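> Sending over a structure as structure tokens; questions will come in a sec.
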Amino acid sequence: MKRLEDQVLRNDWIVACKIEDVKEEPIQKIVMGERIVLFRNEDGVHAFRDLCIHRGAALSLGCVKDGNLICPYHGWEFNSEGACTNIPQLPEGRAIPLKAKAIKYLCREEYGFVWINLNNNDPEFFPYPEFADKTYRNVLWGPQEVNALPPRVVENFLDVGHLAFVHVGYLGVEDHPVIGDYDVHVEDGRIFSDEISIFQPDPDGSGQSKDVYYTYEVLRPLVVQFIKRDPETDSKMKIILMISPVTEEKSIAYGILSFNYDTGQTDKEITDFQDMIFAQDKPIVENQKPEELPLDLQAELSLKSDRMSIAYRQYLKKLGVTLGTA
Ligand code: FES
Ligand code: CO
């Protein structure tokens, strides 16, 4: 991960996996090149660096006993705070060294996912009101691996111009490629587009092609959303995309799809469709050069219809400057 991204992301909440992935049994996740062990006890989910201070064993190969994480190599025990509470090799009465600790990361369960904050600075969490709103159905999507850096994947999601090409027949129609002018607004820390009219072949499953409105919003460096609204029925679908940065080469995409209308589909049909759409984007994103999203606005050639991507690039650039790492 490059330096600018590194600092910005370490200060943020990064999605690590779905809540349902973390049972008592410890699991390993790689976040920004770092091996993390996640496990659950009666206090909730905990995240440590997946490294035992004794001899560097991966704690994720161990187990949880009485709420403590046990190292697989020599059985040292670590409590929820990461403090070592037992060293089986120590003779009776010998104190546990103070340095015997696991490195703990802040960890939160929100919106069906587990989030990690590598710098332990507990930043604010983005709002997602639909998730608690009973009039919405929420479907979790992912993981989907992609061999690209996160900002390219995020920008692809914010890119309105590709729908009639990459997703022709699904999210766009070949003879309706034109994107009308729209603005992007930055208000009270929110970055969002106007409603953008898109002609789609079958936006609601009724078989009827028509115009729907897309509104994009940037929530965090690696969390973005759009809302699709049908102007005739006012039915809304919101998709939130969250990227987990794994290594320099690999990202994992997760999402939540929220509907305030009956789609007539099972959860699996909904996620299968999303997988298919993502599979169409994947070869494009994995082969874009440079791999790093250019934050210099003179780099590449933008159209007016790329305003949302430009706003995202400006946002990332500003974040870097704020943190003094640009
Ligand atoms: Fe973990 Fe020895 S390496 S207890
Ligand atoms: Co796409």
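> For VAL212, what is the net charge nearby, where nearby means another residue's Cβ is under 12 Å from its Cβ and Lys, Arg count +1, Asp, Glu -1?
Details: positive: LYS210, LYS228, ARG229, LYS236; negative: GLU195, ASP202, ASP204, ASP211, ASP230, GLU232, ASP234.
In short, -3.
> How do the peptides 94-100, 271-277, 43-49 rank, highest first, by the average count of neighbouring beta carbon atoms within 10 Å per residue?
Sorting 94-100, 271-277, 43-49 by mean packing, highest first, produces 43-49, 271-277, 94-100.
> Pull up all non-local amide H partners of GLU195: gap of 5 or more, or a different chain, and H-to-H distance under 5 Å with H placed in the peptide plane.
Sorted by chain and number, the residues that satisfy this come to none at all.
> What area, in nm² and to one decimal, does the C-alpha convex hull of the chain cast on average over all directions?
Its average projected convex-hull area is 18.5 nm².
> A further question on this structure: Pop out the carbon and sulfur fraction of the accessible area of segment 129-319 as a percent, whole number, probe 1.4 Å.
Numbers: 4720 of 9150 Å².
Carbon and sulfur: 52 percent of the exposed surface of segment 129-319.
> Any aspartates and glutamates with Cα under 16 Å of the LYS29 Cα? List them, leaving off those in the same chain fewer than 8 positions away.
Counting by Cα, and skipping residues close in sequence, LYS29 has these aspartates and glutamates nearby: GLU20, ASP21, ASP50, GLU109, GLU145, GLU248, GLU249.
> If you keep only loop residues by DSSP, which trypsin sites (Lys or Arg not before Pro) in segment 108-213 have at most 10 other Cβ atoms within 10 Å of their Cβ?
LYS134
> Skip the ligands, DNA and RNA, and give the accessible area per residue of segment 12-80 with a 1.4 Å probe, whole Å².
Accessible area per residue, segment 12-80: 44 Å².
> To continue, here is another question. Against the longest alpha carbon principal axis of the chain, how many degrees, from 0 to 90 and to the nearest 10, is the axis of helix 267-286 turned?
Taking Cα atoms only, the helix is inclined about 90 degrees.
> Could you go through segment 290-301 in sequence order and give the Karplus-derived ³J(HN,Hα) for each residue, using 6.51 cos²θ - 1.76 cosθ + 1.60 with θ = phi - 60°, rounded to whole Hz, and x for Gly and Pro?
The phi angles translate into x, 4, 6, 5, x, 9, 7, 5, 7, 6, 6, 10 Hz.
> For a protection proxy built on the mean count of beta-carbon atoms within 10 angstrom, sort 138-151, 296-309 highest first, please.
138-151, 296-309
> Helix-only mean residue ellipticity at 222 nm, the chain, DSSP H runs n ≥ 4 weighted -39,500 (n - 2.57), per residue, nearest 500. What is it?
-5500 deg cm²/dmol
> Inverting the mean 1/r over all pairs of different Cα atoms, compute the Kirkwood radius of segment 129-319 and quote it in Å.
17.1 Å
> Kindly express, to the nearest 10 degrees and within the range 0 to 90, the angle between helix 307-322's C-alpha long axis and the longest C-alpha principal axis of the chain.
For 307-322 against the chain, the angle is about 30 degrees.
> Quick check: pseudo-label points 7 Å beyond the Cα along Cα→Cβ at SER209 and VAL168, how many nm apart are they?
In this crude label model, SER209 to VAL168 measures out at 1.2 nm.
> Right, another one. Can you check what the net charge comes to around GLY169, using other residues whose Cβ is under 13 Å from the Cβ of GLY169 (Lys, Arg +1; Asp, Glu -1)?
-3
> Relative contact order for segment 145-298: what percent, with Cα pairs under 8 Å and sequence separation of 6 or more?
Relative contact order comes out at 24 percent.
> Select from segment 70-137 those GluC sites (Glu not before Pro) which occupy a DSSP coil region and have at most 10 other Cβ atoms within 10 Å, ordered by residue number.
GLU92, GLU124
> Next question. Of the heavy-atom accessible surface of segment 7-117 (probe 1.4 angstrom), what whole percent is carbon and sulfur?
Accessible surface attributable to carbon and sulfur in segment 7-117 totals 48 percent.
> Under a Cβ-Cβ cut-off of 13 Å, what is the net charge of the residues other than ALA57 that fall near it, where Lys and Arg count +1 and Asp and Glu count -1?
On the way: positive: ARG35, ARG49, ARG55; negative: ASP50.
Every neighbour counted, the sum reads +2.
The values are calculated or read from the model by the stated rules, or taken from the named source; none is laboratory data. On a predicted model such as this, the values are computed, not experimentally measured, just so you know. Glycine gets a Cβ as well: all are built from the backbone with ideal geometry, and neighbour counts include every protein chain shown. Just so you know, the surface numbers come from the protein's heavy atoms only, side chains and all, with ligands and any DNA or RNA stripped out. Shrake-Rupley method; radii C 1.70, N 1.55, O 1.52, S 1.80 Å.
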